[in-house]
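The block underneath contains the structure these notes are about, expressed in structure tokens.
The values are calculated or read from the model by the stated rules, or taken from the named source; none is laboratory data. Please read these numbers as outputs of a predicted model, since none were measured by experiment. We place every Cβ from the backbone using ideal geometry, glycine too, and count neighbours over all the protein chains shown.
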Amino acid sequence: MGIVFDIQTYAIYDGPGIRTCVFFKGCPLSCVWCHNPESQRLQPEMGYRADRCAGCGSCVEACPHDALVLEGDGVRRDTGRCVVCGLCEKVCRADAHEKIGYKTSAEAVVEKVIADRPFFTESSGGVTLTGGEPTVQREFLLETAGLLKKSEIHTALETCGHFGKELMPALIDTIDLFLYDIKHADADTHKRFTGVDNRVILENFVSIVRKAGPPRIIPRIPLIPGFNADGASLKGICRFLKEARYEGPVHLMPYNSMAKSKYEKLGRGVQYQNMGELSGDMIDGFVGLVRDNGFEAVINH
Ligand code: SF4
Ligand code: SF4
């Protein structure tokens, strides 16, 4: 069994063709710009949209654990009492509560995504396992990827690369394409902004290039103002890719500042950091820089 928080169909930016994305919960990094904060914790959790709440009090009455109180125009959840049963979501007519994350089996996931096979066949697409960081749930990941392989469905893994080396042979055996985040080549900067240093991430990248070959891995650089959206940082990453003997496209994923409401929904509004804006000219400049360093640059979202 594993914990996922969403399954989305018709995705076109998460690997080749039309894809169905399975979002795993849990991540070992804590990037300050994270645009998927609902993916960070491994456990299911409750979200609450204050802007939708009508203050009717139905959820307060329904909660079997006295975890909700009416306060001002809305409700406040005592996370120490809440057991994430999801009952408040069921009784709220305003859709103000949302349970994020649910337990499921690899068989159930594959049964669901297999319904999209005609789209995969027509577009040379498949399934993308993403998150969060899927390797956090290693048994569930390998079981799901194994079943997809048996079903002859192309499987991509979106990964931050921070996983134990012992996982590598099984991943190489089951994953068709690694969509691999390279955030920064400098260990200290990486640690300051993501909570972990980049040594294991860079080593795993080199290992996949050597063992699986460049066509099965695509490095993806999130372009984050104040972190790596500058010439020196991108040159550093290009240098690393050359040293790793990577040859192929580099995907650039420009930052957007639209995650604020997600943090607020989780009651973690103070954690949200707006990293700033990237103009079209700046993005064009980064594309040129990556090309000048010998790689095809692809803007991705
Ligand atoms: S049931 Fe919904 S609308 Fe009513 S108080 Fe609770 S969250 Fe607000
Ligand atoms: S999820 Fe369950 S325990 Fe938590 S606030 Fe809602 S009803 Fe109460």
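Mind listing whichever residues of segment 92-146 are in contact (Cβ under 8 Å) with a residue 60 or more places away in the chain, of a type in the set (A, V, I, L, M) and closer than 13 Å to Gly2 by Cα?
Once the filter is applied, which keeps residues that are in contact (Cβ under 8 Å) with a residue 60 or more places away in the chain, of a type in the set (A, V, I, L, M) and closer than 13 Å to Gly2 by Cα, segment 92-146 yields Ala106, Val109, Leu129, Val136, Leu141.
Assuming Pro64 fulfils every condition listed in (1) part of a loop (DSSP other than H, G, I, E, B); (2) in contact (Cβ under 8 Å) with a residue 24 or more places away in the chain; (3) within 16 Å of ligand 2 (Cβ to nearest atom) apart from one, which condition is it?
(2)
Can you find a residue in segment 47-65 that is within 16 Å of ligand 1 (Cβ to nearest atom) and within 20 Å of Ile7 (Cα to Cα)?
Yes, because at least one residue in segment 47-65 is within 16 Å of ligand 1 (Cβ to nearest atom) and within 20 Å of Ile7 (Cα to Cα).
Test of understanding: among Asp14, Asp78, Asp6, which residue is of a type in the set (Asp, Glu) and within 16 Å of ligand 1 (Cβ to nearest atom)?
Selected residue: Asp78, the only one of Asp14, Asp78, Asp6 that is of a type in the set (Asp, Glu) and within 16 Å of ligand 1 (Cβ to nearest atom).
Tell me which of these Ile217 doesn't satisfy, since it passes every other one: (1) surrounded by 16 or more Cβ atoms within 10 Å (Cβ to Cβ); (2) free of Cβ contacts under 8 Å to residues at least 12 places away in the same chain; (3) not hydroxyl-bearing (Ser, Thr, Tyr).
(2)
Out of Glu111, Glu38, Glu89, Glu98, report the one residue that is more than 16 Å from ligand 1 (Cβ to nearest atom), under 22 Å from Ser261 (Cβ atoms), acidic (Asp, Glu) and not in a loop (DSSP other than H, G, I, E, B).
Glu38
Select from segment 75-104 the residues that are surrounded by 14 or more Cβ atoms within 10 Å (Cβ to Cβ) and away from ligand 2 (no atom under 13 Å from the Cβ) and write down the one among them that is farthest from Gly55 (Cα to Cα).
Thr104
Which one of these is surrounded by fewer than 16 Cβ atoms within 10 Å (Cβ to Cβ), in contact with an Asp or Glu (Cβ under 6 Å, 6 or more places away or on another chain), at pLDDT 95 or above and not in a loop (DSSP other than H, G, I, E, B): Lys191, Lys242?
Lys191
Which of the residues spanning segment 17-35 are in contact with a Gly (Cβ under 7 Å, 6 or more places away or on another chain) and either surrounded by 17 or more Cβ atoms within 10 Å (Cβ to Cβ) or without any contact (Cβ under 8 Å) to a residue 24 or more places away in the chain (or both)?
Selection gives Ile18, Arg19, Phe23, Phe24, Lys25, Gly26, Cys27, Leu29.
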